[in-house]
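Enquirer: Please see the structure below; I have some questions.
The values are calculated or read from the model by the stated rules, or taken from the named source; none is laboratory data. Source: prediction; values computed, not measured. All Cβ positions, even for glycine, are placed from backbone atoms using ideal geometry, and neighbour counts span all protein chains on display. The accessibility values were calculated without ligands, DNA or RNA, using every heavy atom of the protein model including side chains. Shrake-Rupley method; radii C 1.70, N 1.55, O 1.52, S 1.80 Å.
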Protein chains: 2
Amino acid sequence: MNVSQASVHPVEEDPPTTDGANNPPRARMKVIQGMPGTPGGLALRVGQFVLAVAALSIMATTSDFPSVTAFCYLVAAAGLLSLWSLSLAIIDVYALLVRRSLQNYRVVILFTVGDGITSTLIFAAACASAGITVLIDNDLGSCSDSHCMKFETATGMAFVCWFTTVTSFLLNFWSLASR
Amino acid sequence: MNVSQASVHPVEEDPPTTDGANNPPRARMKVIQGMPGTPGGLALRVGQFVLAVAALSIMATTSDFPSVTAFCYLVAAAGLLSLWSLSLAIIDVYALLVRRSLQNYRVVILFTVGDGITSTLIFAAACASAGITVLIDNDLGSCSDSHCMKFETATGMAFVCWFTTVTSFLLNFWSLASR
């Protein structure tokens, strides 16, 4: 099975062929825990997925979220992020199972751009929802009429979700710059 | 005047002393336009300052902005960002006038952290204000009663301001990683 020419490369230990010792050493990105293809990276992706699904579910269970654009946007952003994290978690599981590194330049560019976009979207959604929640709670004082608790919990989940996504983004961006 | 030991280093051209040719070459960060101490960096800082002051002024001229927490937060974040950008613009002007490079590792860490914090704050403020503005305009349809146009303009300014700040942050982070 010749898959080494594409976006995946064999990791240092356990080389599949024995004649590889004579090849010159290839330029390789430094691997830090949390990058794609590492157990830390998989943990980050699983965390992102769980938090995004939690934010989406909590917001979607309130009856009056569709009346506020920012809450609909939070549901959409959390949905997109959960799909993105799930895809990358599956890729990480595959890379860990077949013991391959995902530190290819183009793959890391793709992951960095994707993480940048999804983290910006979820942060924007979380901030917009937080603005509305604070307006309802502090400025209008009408928290008893609505599902304030659920809105606040979903917003908090989205913020923690952003924190894990921006960690992935910064790690990928770092590995891209320090190649 | 012996200032080369501190956080500033002479740039390549026009060395102040003639005996420097015998010293071994020092590890130096790659300079990209837009980084601190470059004309591009100064232009970015001036742009950030002008946009932040514009957002602050437009929001502060509305009479009812203190009744919404998100709008007060936008004024505070824009005020902080304008001070930060002004300080860094002055440092850039100094570095350009005395022809010195600001690519010292600790200085770049400081600038990166500062840009990261201020860009996150202004983006959060812009998103929260956008959430409220969309709520007033689309969801409640009560735009005629309030200063919608001014709120929207201030929010737009804050978004453009975030764009210039995050550019500075990414350039600094890149130069930090690729040192």
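Enquirer: State, to one decimal in nm and shortest first, how far the label point of A:SER63 sits from each corresponding label point in the other identical copies (label point: 7 angstrom along Cα-to-Cβ).
Expert: Here A:SER63 shows inter-copy label distances of 3.9 nm.
Enquirer: Hey, another quick one. Taking only protein heavy atoms into account and a 1.4 Å probe, give the accessible area per residue of region B:49-111 in Å².
Expert: 47 Å²
Enquirer: Still on this model: Summarise the partner chain shielding of B:131-143 as one whole number: the mean count of Cβ atoms from other chains within 10 Å of each residue's Cβ.
Expert: 4
Enquirer: Going 7 Å from Cα along the Cα-Cβ axis for the label, what nanometre distances separate B:GLY79 from the same residue across the other copies?
Expert: Label point to label point, same position, other copies: 4.0 nm.
Enquirer: With the full set of protein chains in place, find how many percent of the accessible area of region A:34-122 is carbon and sulfur; take the probe as 1.4 Å.
Expert: The nonpolar share, carbon plus sulfur, comes to 78 percent.
Enquirer: Additional query: Kindly compute the accessible surface that chains A and B hide from a 1.4 Å probe when together, both sides summed, and give it to the nearest 100 Å².
Expert: About 1900 Å² of accessible surface is lost on pairing.
Enquirer: Further question: In cubic angstrom, how much convex hull volume per residue do the alpha carbon atoms of region B:32-177 span?
Expert: Taking only Cα atoms, region B:32-177 has a hull volume of 91 Å³ per residue.
Enquirer: Arranged from highest to lowest average of other beta-carbon atoms within 10 Å per residue, in what order do the peptides B:70-78, A:46-54 appear?
Expert: Output ranking for B:70-78, A:46-54: B:70-78, A:46-54.
Enquirer: Ok, one more. Any idea of B:ARG45's accessible area? Nearest 10 Å², probe 1.4 Å.
Expert: Only protein atoms counted, so the area is about 10 Å².
Enquirer: Another one. Residues with amide H under 5 Å of A:MET35's amide H, sequence separation 5 or more or different chain, H placed in the peptide plane at 1.01 Å from N; which?
Expert: Distant-sequence amide H within range of A:MET35: A:GLY41.
Enquirer: Contact order normalised by length for region A:33-177, with contacts defined as Cα pairs under 8 Å and 6 or more residues apart; what percent is it?
Expert: It comes to 37 percent, rounded to a whole number.
Enquirer: In region A:33-177, if the dipole is taken from +1 on Lys/Arg beta carbons and -1 on Asp/Glu beta carbons about the Cα centre, which of A:VAL108, A:SER57, A:HIS147 is farthest to the positive end?
Expert: It is A:VAL108.
Enquirer: Run the label-point distances for A:ARG99 please: 7 Å along Cα to Cβ, every other copy, nanometres, shortest first.
Expert: Those label-point separations list as 5.8 nm.
Enquirer: Further, regarding this structure: Can you list the residues of region B:156-177 that have at least 30 square angstrom less accessible area with all protein chains present than in their chain by itself, probe 1.4 Å?
Expert: Buried by the other chains: B:LEU170, B:PHE173, B:TRP174, B:ALA177.
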